[in-house]
1. How many residues, within region 73-126, are in a strand (DSSP E or B) and under 18 Å from P38 (Cα atoms)?
2. What single numbered condition from (1) in contact with a strand residue (DSSP E or B) (Cβ under 6 Å, 6 or more places away or on another chain); (2) part of a loop (DSSP other than H, G, I, E, B); (3) open to solvent by 10 Å² or more (accessible area, probe 1.4 Å) fails to hold for H174?
3. On the given criteria, is Q385 in a helix (DSSP H, G or I), at pLDDT 70 or above and open to solvent by 80 Å² or more (accessible area, probe 1.4 Å)?
4. Can you tell me how many residues within region 1-19 are at pLDDT below 90 and touching a His at 6+ places or on another chain (Cβ under 8 Å)?
5. Would you check which residues across region 128-171 are open to solvent by 40 Å² or more (accessible area, probe 1.4 Å), without any contact (Cβ under 8 Å) to a residue 60 or more places away in the chain and in a loop (DSSP other than H, G, I, E, B) and list them?
6. Please go through region 36-79 and give me each residue that is among the aliphatic types (A, V, I, L, M) and under 17 Å from K138 (Cβ atoms), ordered by number.
7. Which residue out of R122, R72, R61 is free of Cβ contacts under 8 Å to residues at least 60 places away in the same chain, surrounded by 16 or more Cβ atoms within 10 Å (Cβ to Cβ) and either within 30 Å of Q248 (Cα to Cα) or of a type in the set (D, E, K, R) (or both)?
8. Report whether or not T98 is touching a strand residue (DSSP E or B) at 6+ places or on another chain (Cβ under 6 Å) and of a type in the set (V, I, T).
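The values are calculated or read from the model by the stated rules, or taken from the named source; none is laboratory data. Here the structure is a predicted model, which means the values were calculated and not measured. Positions of Cβ are generated from backbone atoms using ideal geometry, with glycine treated the same way; all protein chains shown enter the neighbour counts. Accessible surface is based on the protein model in full, side chains and every heavy atom, while ligands, DNA and RNA are left aside. Shrake-Rupley method; radii C 1.70, N 1.55, O 1.52, S 1.80 Å.
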Amino acid sequence: MKSSSTAPPAAAHAQYIARDGQYQQRGGLELVESGNMPEFARENPHSFWEAADAFERKNGRAYTELQIALPRELAPEQRHELARETARELLGERFAYTLAVHTPLAKDNIEQPHMHLMFSERVVDSNTQSLSEEQFFKRNGAKKDPEWNSRDKPMEVREKWVEMMNAAMERHGHIHDPAHRLDARSWADQGRPDLAELREEKTLRGNGPEAMERHREIDGLREQRAELPALHLSADKVIELWERGAEQQIAQVQEREARELSRLDKLIAAAREFAHEVKDRTVAFAKDIKERAGSLFGNAPQEEQAKAVPEKDQAQEQARPPTPEMQARLDELLGGFHRRMEAQQSVEAKLADFGNRMDTRLQQEQAQALARQQQEQALKQQQEQTKTKEPEIEREHSRGFGIGR
């Protein structure tokens, strides 16, 4: 239960739990809805939280929030039903609220469903529902219910929530033994010292020696908790979730491999096309130089020469040394030809190097794919072994309160 005047602004937190605005990419959202809004916010519930930030008195609480862990055993629609029932039971029709259900993955790679119930302590009734935005949050507007400031209120909410959750679990056939009902009391009060000792204290801020030592202690506690049996889950359910996660990872790897190979094929095809184009241009350039050199030295085809000069003068024309202008032009053409040939050799060398690197990369990709395939086979064998053992992992446990975001 969070009700601090130093909490994040109401509008920003409403966007966070609704995965809206700058928080759209965070994911994990299953359900979001609002209720009991006054008239000025019924069309746009988010405007209620913007008005709370703008008009709530200085240092006043713009909102209070309940973070509640939801049972993993319930299906999504069953969780949504329980979340809505909780909002109705705890808030009735008197307090404006925004409700969100999140399902991130916990450390054991299984869903960690929980709900955020964000609400205003100001009462919405027949006298206040038609007030303007500014007037609603004034001292003489909608009054705050002092009941939410009671020291006993958090435990009252816990007890009511546990009662509703146990009823939902029984209704959907997940509790067959009274010993498996959840308890609102602390682990110590329930006589569970093994769990009470694993309770995390507040982490010290900063990077000093004491803070770092506290972080190491908390990491150790989390490792011990991870070794405890899973809560109210059968072995089949755990294996099913593992297999689902493994299948998702395999699909992602295959998709990435197909994408990389497709890109590689396109690069190789483009390089080959470029090499052919360079070769064709070089051949055409060499042919052009040969024809121009022949014309400069009078080595044109015989039929053309016969038309141009008599046979008697042909030998004299061929034996005549080139003029300085013709020699300079010839040197220029030959220099261009050599430069083109060097450019072609450079391109061919680069293309060969590119092909070698692509072959090496393709071999590495194939080796990595083979290693992943072996890991996947080992994981499946491990899952099959777990199926055959069928460990008894159901045990009594209290889920606590205020699960992380």
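1. Filtering region 73-126 down to residues in a strand (DSSP E or B) leaves 95-102, 105, 111, 114-123.
Those left that are additionally under 18 Å from P38 (Cα atoms): 95-99, 117-123.
Of the residues in region 73-126, 12 are in a strand (DSSP E or B) and under 18 Å from P38 (Cα atoms).
2. That leaves (1) as the condition not met.
3. Values: in a helix (DSSP H, G or I): yes; at pLDDT 70 or above: no; open to solvent by 80 Å² or more (accessible area, probe 1.4 Å): yes.
No, not satisfied.
4. Residues in region 1-19 being at pLDDT below 90 and touching a His at 6+ places or on another chain (Cβ under 8 Å): 1 in total.
5. Those that are open to solvent by 40 Å² or more (accessible area, probe 1.4 Å), without any contact (Cβ under 8 Å) to a residue 60 or more places away in the chain and in a loop (DSSP other than H, G, I, E, B): N140, K143, S150, R151, D152.
6. A41, A51, A52, A54, A62 - these are the residues of region 36-79 that are among the aliphatic types (A, V, I, L, M) and under 17 Å from K138 (Cβ atoms).
7. R122
8. Numbers: touching a strand residue (DSSP E or B) at 6+ places or on another chain (Cβ under 6 Å): yes; of a type in the set (V, I, T): yes.
So T98 passes the test.
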